[in-house]
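The values are calculated or read from the model by the stated rules, or taken from the named source; none is laboratory data. What you see is a predicted model, and the numbers here were worked out from it, not measured in a lab. Here Cβ is always computed from backbone atoms with ideal geometry, including for glycine, and neighbour counts include all displayed protein chains. Accessible surface is based on the protein model in full, side chains and every heavy atom, while ligands, DNA and RNA are left aside. Shrake-Rupley method; radii C 1.70, N 1.55, O 1.52, S 1.80 Å.
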Amino acid sequence: MSVTGPSFSTTSLQRKHHARGLKNSAKTLLTMALVIVMAAYFLLPLYWLLVSMTKNTTQLFNTPMLAFPSHLNLGANLRWLSSYQGGIFWRWVLNSVIYAVITSCGATLISAMAGYVIAMYNFRFKRQMSFAVLGALMVPSAAMVIPVFLMIKSLGLINTYAGVILPMLFNPFGVYFMMVYIHEAMPMELIDSGRIDGANDYGIFFRIGMPLIRPGLVTLLLITFVSTWNNFFLPLVLLNNSNLYPLTLGLDIWTANLNTAGAGQPLYPLILIGAFLSILPMLILFPLLRNYIVSGIAMGSVKS
Amino acid sequence: MKRTHRRVPYGLLAPFALVFLLFFAFPFLYSLYLSFFVNSGGTNHFIGLRNYGVAWQDTNFWYALFRVVYYGVVQVAIMLVLALALALLLDSRFVKSKAVFRIVYFLPYAVPGVIAAIMWGFLYSPQLDPILAVFKLFTGGNPVNILANGHVLYGIVNMAIWEWTGYNMTIYFASLTSIPIELYDAAKIDGCNESQVALHIKLPLLRPTIIMTVVLSIIGSLQLFNEPFILSSMTSIPWNYTPNMEIYNMAFAYGNFTYSATLSIILSVITFIASLLFMYATSDERKTKKVRLHRRMAKGQAGNHASEVRAEGGEVV
């Protein structure tokens with residue numbers, strides 16, 4: 001911690017001292033007004049969603065959009081959601097959980113292992129490996145969706161869980177992140193001392209390395225989880241069996257049907273309550289996850 | 001410095017090497033290969049570079065590319081000003097409960113782009129007539145339909161601003177927290193007020209971070225797909241509105257995988273070149289600094305994770 005730069009001698013006390021000074025209540029008032037207006041902009045759509053999921057279709061179009069209806073239909077909407085097409089919505093929830101959990105755990109482990117070797121060892125293809133990681137970082141995954149589809153198709157994995165999960169295990173951002181993190185968080189001597197104690201290189205990584213880099217692992221795990229939970233383009237291309245859809249894809253299909261003639265009863269209440277339920281876990285966990293995610297983003301912001 | 005270890009655990013590298021080959025290198029090469037063929041009657045016929053000739057004259061593809069670049073510039077300009085302003089405001093002494101606002105601004109990051117698009121799609125729909133009433137003040141009482149052709153791009157701009165402003169603000173804020181306090185004290189002695197400090201000290205020091213977020217956001221917008229795709233069911237957005245939409249529909253609506261692969265290759269290469277240019281333009285002076293900063297950050301993270309990183313993380317560019 002005591003490495004370099006004056007910024008590290010700064011304590012929070014000094015910051016508070018800096019923040020004190022002449023109070024200017026007019027400026028404070030104006031600034032607070034601005035800050036609150038922006039907060040409203042970020043919160044209103046979410047509040048609207050909260051209100052709208054308690055309405056039936058008639059209320060949705062006939063009551064003030066930001067006011068709760070006189071009679072809440074939350075229970076009825078929830079029952080309809082759970083019974084519609086045999087409760088397929090909950091199947092989608094389960095699918096999203098499966099995709100996100102397996103992908104984030106798998107991608108984090110694979111990235112950590114590769115990042116560890118590239119950061120800690122000298123080997124013949126080290127330069128090539130680093131270039132491959134950086135090069136892959138520079139091609140956003142969306143541009144690779146059709147090529148990946150063709151690959152998955154030739155492997156015969158269209159419409160399978162594996163088909164969706166496997167391509168997402170390739171996470172160059174994760175490797176880059178772990179490379180940088182491990183390079184600094186782990187002392188080289190660790191490998192030597194581990195060897196003296198009779199451990200092999202794998203044992204050193206799994207028993208000494210992994211516990212040491214746990215904060216980095218958790219950060220990467222959370223970032224990967226959020227991005228998998230939110231993924232849409234890849235499953236859209238790889239799946240056409242609605243039993244395998246994640247939430248994002250299922251809700252999109254319902255939305256697309258709203259404007260299709262002859263698609264049956266419009267599913268407004270289902271889409272709204274479904275959308276709310278799909279972000280609810282994130283909203284609840286967010287204050288807890290935030291510090292990890294933010295530090296990961298700030299550290300890895302070489303890539304969006 | 002780093003010693004060469006005789007035994008290298010290649011087994012730890014193997015899974016990544018495998019997924020790299022299977023889901024990056026092979027797909028790219030296979031698409032490149034496919035792009036030299038045309039499919040007729042179920043069999044592929046070699047046609048050399050003719051797909052690239054077609055793509056070169058595919059005015060819609062280039063127009064779609066131009067559209068997403070324009071979209072990126074507009075969206076990034078507005079988002080950047082907002083994110084900067086919010087970061088500077090939250091870093092000033094005029095704001096109370098900063099932690100709460102930081103969470104609120106960052107919250108949309110947790111909402112999937114698809115859900116955001118569905119939400120805003122509803123909010124834009126004239127049937128629900130929501131905030132649109134405000135716009136009527138400017139149009140003499142005429143209803144405004146954001147989902148109509150001329151406006152829908154700006155509707156998507158607003159969605160992206162809603163989703164990513166807090167994200168970028170968070171990066172700027174992290175950067176600001178790492179500015180040494182001595183600078184502020186010196187400025188105070190020189191008689192600077194708060195806004196002068198913001199304009200003449202904080203803003204210039206944020207410059208590298210700003211450049212990075214601008215270019216990354218524009219590169220990201222080249223890939224625009226989710227939002228216009230979701231909206232296409234509510235609007236008259238055409239099948240080839242953005243490059244990725246044309247690529248998707250070329251494959252799945254028209255079954256022309258070889259041409260779709262060609263366009264994928266072109267888009268990947270364009271993005272790759274844009275990223276390289278960006279790295280080249282921003283790296284020279286900071287190459288050494290970057291390494292040092294990474295080192296400091298990682299040390300901080302290994303210790304008290306969250307708070308240290310908030311203080312140091314933003315420096316990394």
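When A:N62, A:N77, A:N95, A:N73 are screened for being open to solvent by less than 40 Å² (accessible area, probe 1.4 Å) and modelled with pLDDT under 90, only A:N73 passes.
So, in the range A:189-243, exactly how many residues are under 30 Å from B:G255 (Cβ atoms) and in contact (Cβ under 8 Å) with a residue 24 or more places away in the chain? Selection size over the range A:189-243: 12. When B:N39 is tested against (1) more than 26 Å from the chain's Cα centre (by Cα); (2) touching a residue at least 12 places away in the same chain (Cβ under 8 Å); (3) within 30 Å of A:I118 (Cβ to Cβ), just one condition goes unmet, and that condition is (3). For the range A:283-304, the criterion of a residue being closer than 30 Å to B:Y254 by Cα, more than 8 Å from chain B (Cβ to nearest Cβ) and touching a helix residue (DSSP H, G or I) at 6+ places or on another chain (Cβ under 9 Å) is satisfied by no position.
Every condition in (1) over 30 Å from B:G11 (Cβ atoms); (2) open to solvent by 70 Å² or more (accessible area, probe 1.4 Å) is met by A:I88 except one, and the failing one is (2).
Do the conditions hold for B:R7, that is, is it open to solvent by 60 Å² or more (accessible area, probe 1.4 Å), at the interface with chain A (Cβ under 9 Å from one of its Cβ atoms), without any contact (Cβ under 8 Å) to a residue 60 or more places away in the chain and not in a helix (DSSP H, G or I)?
Yes.
Conditions tested, residue by residue: (1) more than 9 Å from chain A (Cβ to nearest Cβ); (2) open to solvent by 30 Å² or more (accessible area, probe 1.4 Å); (3) among the hydrophobic types (A, V, I, L, M, F, W, C).
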position: B:N193; (1), (2), (3): yes, yes, no
position: B:Q223; (1), (2), (3): no, no, no
position: B:N226; (1), (2), (3): no, yes, no
position: B:I230; (1), (2), (3): no, no, yes
position: B:M234; (1), (2), (3): no, yes, yes
position: B:N240; (1), (2), (3): yes, no, no
position: B:N244; (1), (2), (3): no, no, no
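Scanning the range A:28-45 for residues that are open to solvent by less than 40 Å² (accessible area, probe 1.4 Å) and more than 7 Å from every other protein chain (Cβ to nearest Cβ) yields a total of 0. Once the range A:156-183 is narrowed to residues that are more than 8 Å from chain B (Cβ to nearest Cβ) and not in a helix (DSSP H, G or I), the residue that is surrounded by the most Cβ atoms within 10 Å (Cβ to Cβ) is A:N171.
Would you mind stating whether A:M113 is of a type outside the set (D, E), at pLDDT below 95, closer than 27 Å to B:L13 by Cα and open to solvent by less than 40 Å² (accessible area, probe 1.4 Å)? No: the conditions fail for A:M113. Set side by side, the residues B:S40, B:S35 differ, and just one is farther than 30 Å from A:M179 by Cα and within 11 Å of another protein chain (Cβ to nearest Cβ), which is B:S35.
Out of all the residues in the range B:169-184, is one or more more than 26 Å from B:Y70 (Cα to Cα), open to solvent by 60 Å² or more (accessible area, probe 1.4 Å) and modelled with pLDDT of 75 or more? Yes: one or more hits. Test B:I266 against the criterion of being open to solvent by less than 10 Å² (accessible area, probe 1.4 Å), under 24 Å from the mean Cα position of the chain (by Cα) and at pLDDT 90 or above, and give yes or no. Answer is no for this residue. Residue count for the range B:103-128 under the criterion of being more than 8 Å from every other protein chain (Cβ to nearest Cβ) and either touching a His at 6+ places or on another chain (Cβ under 6 Å) or open to solvent by 20 Å² or more (accessible area, probe 1.4 Å) (or both): the result is 1.
In the range B:17-136, counting only helices (runs of 4 or more DSSP H) that sit wholly within it, the ones holding 2 or more residues that are closer than 17 Å to B:G166 by Cα span B:59-91, B:98-106, B:113-124. If the requirement is being open to solvent by less than 60 Å² (accessible area, probe 1.4 Å) and either more than 7 Å from chain A (Cβ to nearest Cβ) or acidic (D, E) (or both), which of these qualifies: B:L88, B:L12, B:L21? It is B:L88.
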